[in-house]
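Presented below is the structure to which this report refers.
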Amino acid sequence: MSVQRFVNLYGEALAYGGLALLAGVLAADPRWLGQIPEILVMLAAGVVLRGLAVPLSKYSYLNQTGLIALSGSLLVGMPAAALAVTGAVLGADWVWQRKPVRVAWINLGREVIALVAAYGVYAAILRMSDIAAPGISVATIPALFFYLLAYFVIGRLLFYLTLIVRAKLEQDEQLLIVRYECIAYFATVIATATVVATVVEWPPLAWVFVAAALGALGLLLKRMLEEAISAEELNKIHAMEAVITSNLSLDDSFRRIERLAHRLVDWGDFRVYRVADGRLTLAYRSGIGWAMRGEPSADTATLRAAIVAAGKTEVIDDVTRDKRIADAREEVQSLVIVPLKFGDQVIGTLELEHHKKRVYRRKDILTISTFATQLATAIHITELRRPLVETVERMTQQLGTLTHAAVGLREAAAAVAVSTQAIRSGVASEEGEVSGGLEATETLSQMSRRVSDDGAEAARASSSASEVAAKNRQQIRDAIELLVALKTFVGESSIKVQRLGQVSRRITGFIASIRELADMTNLLALNAAIEAARAGKHGRGFAVVAEEVRHLAEQSASAAAEAAQLVEDIHRQVGEVVEQMRRGQVNVGGVEEVSAGALEALDAIVAATADATTHARRIATAAGEQDTAFTKLRQRIHAVAAIAGKNRTEADDVATRAGEAARGLTELELATRELEAVATMLRELTRGFASVA
């Protein structure tokens with residue numbers, strides 16, 4: 001179930017439930033039929049007391065209807081009091097205050113239900129206390145206390161239930177309502193006790209004076225409550241002025257003023273217009289209002305421009321009768337346009353529309369004017385702070401640019417410091433290299449002098465070698481001719497040794513033949529021995545001869561074998577000599593060519609020695625010139641070393657200054673960042689001052 005549905009059902013339940021209870025009470029106790037004068041008096045008093053209500057907020061008010069309900073129920077009975085309260089609510093709400101019939105009907109039901117319910121608590125406590133008849137006595141004090149308490153609690157709960165359900169009351173507003181409701185009800189209880197005591201104890205003539213006194217005191221209390229409530233509202237308004245002059249944006253100021261105004265004034269549409277570039281533009285429109293509200297009509301815009309030109313507030317209680325806004329929408333019945341003025345300057349308008357006629361009273365107009373003044377103040381402060389906001393924004397941007405520049409300079413200085421340090425290291429390395437070059441040049445100079453000396457010595461040695469080679473040339477030629485003759489001798493000896501080898505081979509053949517003859521002789525001797533053995537005695541002499549022949553054959557074979565071995569050794573040695581002679585012949589085979597080449601080489605050596613002598617002299621001369629050049633180079637390297645030393649000193653100075661510059665730029669960056677943080681904080685503060693639209 002939605003909240004609105006609950007509120008509608010709740011209102012119908014109060015209306016019909018109150019009428020049903022009233023009918024039941026009147027039917028159950030007909031004594032009211034004989035109390036018509038009393039009912040009329042209470043009705044008249046109730047209309048006056050309810051009509052002179054004290055507005056507590058937009059949704060609540062204070063009245064003394066409870067005085068009629070409580071005192072009447074105790075003096076003439078609850079039915080007569082309920083009937084009088086019914087007539088008083090209808091007369092005050094519907095006739096006097098011109099509220100809708102449905103609203104008056106719901107209020108009637110609520111008052112009747114509260115009275116009947118509280119009186120039921122009172123009757124129940126009396127019955128529980130065994131008190132037969134109600135009246136004013138010590139015994140009835142507890143019942144009276146709970147009666148008064150129940151009427152207050154039930155009546156206020158029924159009144160504020162829908163506001164609580166719809167969350168219409170803020171916390172401070174709830175405290176305000178509770179405080180003044182208690183004060184007003186305490187006054188109601190005192191007045192009730194006074195009325196009851198006066199009616200019970202004093203004669204009717206005294207009632208007039210007591211009524212007059214209570215009326216005067218009531219008016220005084222009403223005035224005091226109105227002043228107190230107005231003072232609290234004024235304090236809230238002054239507090240709002242302090243708020244809108246603080247670090248709030250213009251939209252926040254509009255919303256806070258709207259929230260406070262909505263607690264005091266009702267509307268269907270809430271609009272704020274600003275004068276910008278000579279034209280009125282919509283600056284703010286409340287989110288609270290009709291769901292189907294549209295744009296203001298053309299006649300409303302024309303009237304708005306006229307009010308800005310005149311600078312006066314315009315209140316239209318019945319829009320349908322005002323020809324100036326003939327094209328207004330049907331739901332617009334009341335219209336208030338208040339110029340927003342700061343000094344004599346009109347800077348905008350505040351407009352409120354309502355769907356009811358004559359809804360804005362003089363007090364409401366004063367309240368709306370006060371809020372218009374606050375809106376004008378907020379807009380004017382925004383206009384005053386706009387240059388500050390823009391200046392701070394520009395300063396923040398410039399500081400951001402400066403910060404970036406400082407960062408860039410710091411990085412550049414750091415890079416310069418690093419580069420300078422690298423240059424410093426390079427200069428130091430260069431100085432070391434120059435020193436090394438100087439040492440190397442000195443070493444080269446010494447080596448050049450040595451080369452010059454060695455070249456001169458080599459030239460002298462080459463000259464001597466050339467002279468020696470020229471002198472020994474003929475001796476070498478004779479030695480070569482002897483070598484050629486030796487080759488011829490070796491060749492001839494080789495031929496003779498080869499012939500000797502051939503003779504040794506022939507001797508070997510002869511010895512082989514001798515061995516064959518010895519073998520044949522030995523065979524013949526063996527055959528002769530065999531035949532002698534066959535001859536017996538006649539062959540003995542032949543056998544002896546045959547044996548001797550065999551012995552000779554064996555000696556011949558042995559001698560032939562020894563000769564063959566000897567010849568074989570000779571042949572082998574001759575072969576070795578032949579091989580050696582062949583090798584010697586091979587070795588001396590190219591002696592002519594070698595000798596010719598040696599002669600040519602000797603001639604070349606003589607010529608080369610002469611050339612070497614010439615080149616050695618040139619080398620000595622070049623080494624001398626190189627030594628002179630190295631001397632000049634050493635002098636120049638000394639000058640470069642001096643310059644490198646100065647460069648190193650300058651590089652050290654530049655590196656020191658670059659480091660100091662980097663540190664200074666770092667400090668500048670830190671200071672710039674701190675200034676940027678301050679500017680950012682200032683920007684945040686000024687940004688809250690005004691919303692630049």
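Hey, can you tell me all the residues within region 146-161 that are surrounded by fewer than 18 Cβ atoms within 10 Å (Cβ to Cβ) and β-branched (Val, Ile, Thr)? Correct list: Val153 only.
Could you please let me know if Ala143 is under 21 Å from Gly24 (Cα atoms) and without any contact (Cβ under 8 Å) to a residue 60 or more places away in the chain? Spelling it out, it is not the case that Ala143 is under 21 Å from Gly24 (Cα atoms) and without any contact (Cβ under 8 Å) to a residue 60 or more places away in the chain. Being at positive phi and surrounded by 18 or more Cβ atoms within 10 Å (Cβ to Cβ) is the requirement here; does Gly77 meet it? Considered against the rule, which asks whether it is at positive phi and surrounded by 18 or more Cβ atoms within 10 Å (Cβ to Cβ), Gly77 comes out as yes.
Residue-by-condition table, conditions (1) under 53 Å from the mean Cα position of the chain (by Cα); (2) of a type in the set (Asp, Glu); (3) surrounded by fewer than 13 Cβ atoms within 10 Å (Cβ to Cβ); (4) in a loop (DSSP other than H, G, I, E, B):
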position	(1), (2), (3), (4)
Thr300	yes, no, no, no
Arg304	yes, no, no, no
Ala309	no, no, yes, no
Arg324	no, no, no, no
Ala328	no, no, no, yes
Val338	yes, no, no, no
Lys341	yes, no, no, no
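Would you confirm, using the coordinates I've provided, whether Ala261 is touching a helix residue (DSSP H, G or I) at 6+ places or on another chain (Cβ under 9 Å) and outside the structural domain of Leu67 (by TED's automatic domain parsing)? Answer is yes for this residue. Against the definition (assigned to a helix (DSSP H, G or I) and either in contact (Cβ under 8 Å) with a residue 24 or more places away in the chain or among the basic types (Lys, Arg) (or both)), how does Gln374 come out, yes or no? Here the answer is yes, as Gln374 does meet what is asked. In this structure, is Thr313 surrounded by fewer than 16 Cβ atoms within 10 Å (Cβ to Cβ) and touching a strand residue (DSSP E or B) at 6+ places or on another chain (Cβ under 7 Å)? No: the conditions fail for Thr313.
Here is a yes/no grid of residues against (1) modelled with pLDDT of 85 or more; (2) of a type outside the set (Gly, Ala, Ser); (3) under 21 Å from Lys236 (Cβ atoms); (4) in contact with a helix residue (DSSP H, G or I) (Cβ under 7 Å, 6 or more places away or on another chain):
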site: Lys363; (1), (2), (3), (4): no, yes, yes, no
site: Phe371; (1), (2), (3), (4): yes, yes, yes, yes
site: Thr377; (1), (2), (3), (4): yes, yes, yes, yes
site: Leu384; (1), (2), (3), (4): no, yes, no, no
site: Leu388; (1), (2), (3), (4): no, yes, no, yes
site: Thr391; (1), (2), (3), (4): no, yes, no, no
site: Thr396; (1), (2), (3), (4): no, yes, no, yes
site: Leu399; (1), (2), (3), (4): no, yes, no, yes
site: Val407; (1), (2), (3), (4): no, yes, no, yes
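The set of residues from region 507-521 being buried (at least 17 other Cβ atoms within 10 Å of the Cβ) and at pLDDT 75 or above comprises just one member, Thr521.
Listed by first and then second residue, the pairs with beta-carbon distance under 8 Å, at least 6 apart or on different chains, first residue in region 348-369 and touching a residue at least 40 places away in the same chain (Cβ under 8 Å), second part of a loop (DSSP other than H, G, I, E, B) and of a type in the set (A, V, I, L, M), are Leu352/Val265; Glu353/Val332; His354/Val332; His355/Val332; Tyr360/Val265; Asp364/Val265; Thr367/Val265; Ile368/Val265. Does at least one position in region 241-253 carry a residue that is surrounded by 19 or more Cβ atoms within 10 Å (Cβ to Cβ), outside the structural domain of Leu62 (by TED's automatic domain parsing) and modelled with pLDDT of 85 or more? No; the residues of region 241-253 include none that is surrounded by 19 or more Cβ atoms within 10 Å (Cβ to Cβ), outside the structural domain of Leu62 (by TED's automatic domain parsing) and modelled with pLDDT of 85 or more.
The values are calculated or read from the model by the stated rules, or taken from the named source; none is laboratory data. Keep in mind the model is a prediction, meaning the values are calculated, not measured. Every residue, glycine as well, gets a Cβ built from its backbone with ideal geometry; the counts of neighbours run over all protein chains shown.
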